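*Asks:* First the structure, which I've put down as structure tokens, then a few questions once you've had a look.
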Amino acid sequence: MAMTNEANKTLTEWWETISFDGKELFTVSDTGELRQHAVANLPERIIAQITIQDADAVLQTLLDKYKEASAKVLELETDWVQAEDKLKLAIRVEKLKEHLQQLNALGSIDQLLSTVNNWTHTIDRLTEDNYIIKLRLTETAESLIDSNTWKETTQAFKDITEKWKQSGYLDRKRNDALWARIEIAKNTFFERKRTHHLENEKDLLQNLDLKMELAEKAEMFAHSEKWKETTEVFKQLMEQWKAIGHTIPEKNEELWKRFIAAKNIFFDRKKDHTRHIHHEMEANLAAKTTLVEKTEALQDSTDWVATTQALADIMEEWKNSGRAEAEKADELWNRMKVARDHFFNAKHKHFESIKENLQANYNKKKELLGRAEALQNSNHWHDATEEINRLMEEWKAIGPVPREHSNIIWEAFLAARKTFFKRKDENRERRKDHAERKKHAHLHNAQDLVRKLQTEIREEEERIEDFKNGLQNISPGHKEKELRAHLETLIAEGEEKIKYKRRKLEQTEKELLEFKTKIKSGNTENDSTLPA
């Protein structure tokens, strides 16, 4: 690849001097538009705006991005060839495809995307078989909605759920849509079943159904790996179990054993998971200790280039070494920092004495200044912040420049940074103001909900009082028993409603208090404590 920085060159002339694979997919205009042609599933678009001054730097950055993308495709291709179940790679394939479609890079993007599209077609073909299986299960569930064979149909829904678990991968959108239909069918059936038992005054059987559902739900969550969420689920299931009441003794014992067995399976697995994490952190601590010892062994080295690379490799290993106990990890990090600082301070002093490097350092810093000035008006806050901070780190590592240029180039570089961070701070303030307005609306809605629940509870209590007065004033007659039973049912239903609303009121008031506390502490960003 040939490159030039001659000031009298146009961008078109510069473009003709360079070469790379896939160049035919791109063009550059003398106005600085680096354009990607429409190819494969990619539309024509501008991927960069360049000048003759920064053309080489931008070119290298975009070529590097293509190399990174190629490496990702190659890595996934290796896993694809080795994988017996291709569907396990579906999410990775989809994310890689989206990444390539949005990538600003120079290279044979069409070839990379073609490879990924081939995988996508294979996944779509395999997924279609699973869709047919799940569609048939859904249709079977929907055909059972009006069944009056309660026991057999209940078992049929269990079988459908089990077959669903055993079916293969399906994309989330279609999977969720079909499962939602099954849930509707199942809920509709069990609602009819509960209504049937209520109509026949079979309270024990109703409780049996409710506990059966809880046992089934417990068994569904027994192998969950969402440890925090599922712990809360089992807590709620236990509270629901206690609230249901008695049922047929022998069935109650059987369901209780199933419920507890599922609960124990989950918490035993959770305990093993915690133990595994602990062992993993111990192993990570040992790995970090080894890296620190390697760093300390290199701190007095004068082989500047090789040792700098070795320390960079060690730092990369440190970043990838995983979590360890915070206190011990901090102690090791301090040791590593001391050793690294010792080496780099010595290196800095060494190169200060080499006057010939001053001009080379100045040229490097001019390139960093160009990149900083190109970023100062960027609205890609996260990426630009990382890049500007990386530029600062590179700047610090370069070393001194000739005295006559030092303040001028530093002030220009600092001005570009200040311009970007001032714009970033202004943007953050605008978003903060928006969050503040949203917070107060959130609080107002919750307060309205509390008042609404309090009103509904009072109204329900008044209705119950009316029903109780009606019980005391029933006139004797042939409908006395029927009327009394009706009023007692209404009273029981009203009391259940009050219990439910009080629980909801208590929860809302608790969440409201927590939210107010967070407001005082200023910790409400992205808060989801209160109901919408």
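*Asks:* Exactly one condition in (1) more than 29 Å from residue 53 (Cα to Cα); (2) loosely packed, with under 11 Cβ neighbours inside 10 Å is false for residue 442; which is it?
*Replies:* Condition (2) is where residue 442 drops out.
*Asks:* Of the conditions (1) modelled with pLDDT under 85; (2) open to solvent by less than 90 Å² (accessible area, probe 1.4 Å); (3) farther than 28 Å from residue 402 by Cβ; (4) outside any loop (DSSP other than H, G, I, E, B), residue 350 satisfies every one except a single condition; which number is it?
*Replies:* (3)
Results for (1) under 32 Å from the mean Cα position of the chain (by Cα); (2) at pLDDT 85 or above; (3) surrounded by 19 or more Cβ atoms within 10 Å (Cβ to Cβ), shown as yes or no for each residue.
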site	(1), (2), (3)
135	yes, yes, no
142	no, yes, no
145	no, yes, no
152	no, yes, no
168	yes, no, no
186	yes, yes, yes
191	no, yes, no
198	no, no, no
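*Asks:* Going through 456, 387, 461, 373 one at a time, which residue ends up being loosely packed, with under 15 Cβ neighbours inside 10 Å and either within 30 Å of residue 355 (Cβ to Cβ) or free of Cβ contacts under 8 Å to residues at least 60 places away in the same chain (or both)?
*Replies:* Matching residue, one of 456, 387, 461, 373: 461.
*Asks:* To continue, here is another question. Taking the stated definitions as given, is residue 225 acidic (Asp, Glu), open to solvent by 70 Å² or more (accessible area, probe 1.4 Å), assigned to a loop (DSSP other than H, G, I, E, B) and over 30 Å from residue 333 (Cβ atoms)?
*Replies:* Spelling it out, residue 225 is indeed acidic (Asp, Glu), open to solvent by 70 Å² or more (accessible area, probe 1.4 Å), assigned to a loop (DSSP other than H, G, I, E, B) and over 30 Å from residue 333 (Cβ atoms).
*Asks:* Somewhere in the stretch 262-274, is a residue surrounded by fewer than 16 Cβ atoms within 10 Å (Cβ to Cβ) and under 21 Å from residue 183 (Cα atoms)?
*Replies:* Checking the stretch 262-274: not a single residue is surrounded by fewer than 16 Cβ atoms within 10 Å (Cβ to Cβ) and under 21 Å from residue 183 (Cα atoms).
*Asks:* Could I ask something else about it? Right, residue 394: modelled with pLDDT of 90 or more, more than 29 Å from the chain's Cα centre (by Cα) and under 20 Å from residue 418 (Cα atoms) or not?
*Replies:* In short, yes.
*Asks:* Residues 436, 429, 462, 482: which one is out of contact with any Lys or Arg (no Cβ under 8 Å at 6 or more places or on another chain), part of a helix (DSSP H, G or I), modelled with pLDDT under 80 and of a type in the set (Asp, Glu)?
*Replies:* Sole residue among the options that is out of contact with any Lys or Arg (no Cβ under 8 Å at 6 or more places or on another chain), part of a helix (DSSP H, G or I), modelled with pLDDT under 80 and of a type in the set (Asp, Glu): 436.
*Asks:* Out of the stretch 69-90, which residues are open to solvent by 30 Å² or more (accessible area, probe 1.4 Å) and either part of a loop (DSSP other than H, G, I, E, B) or without any contact (Cβ under 8 Å) to a residue 24 or more places away in the chain (or both)?
*Replies:* Listed by number, the residues that qualify are 71, 74, 75, 78, 79, 81, 82, 84, 85.
*Asks:* Restricting to the stretch 374-403, name every residue that is part of a helix (DSSP H, G or I) and hydroxyl-bearing (Ser, Thr, Tyr).
*Replies:* Answer for the stretch 374-403, where residues must be part of a helix (DSSP H, G or I) and hydroxyl-bearing (Ser, Thr, Tyr): just 385.
*Asks:* So, one more: State all residues of the stretch 36-51 that are over 23 Å from residue 373 (Cβ atoms) and part of a strand (DSSP E or B); if no residue qualifies, say none.
*Replies:* Answer for the stretch 36-51, where residues must be over 23 Å from residue 373 (Cβ atoms) and part of a strand (DSSP E or B): 36, 39, 42, 45.
The values are calculated or read from the model by the stated rules, or taken from the named source; none is laboratory data. Here the structure is a predicted model, which means the values were calculated and not measured. As a convention, Cβ positions derive from the backbone with ideal geometry for all residues, glycine included, and neighbour counts pool all protein chains shown. Areas reflect the complete protein model, heavy atoms only, side chains present, ligands, DNA and RNA absent. Shrake-Rupley method; radii C 1.70, N 1.55, O 1.52, S 1.80 Å.
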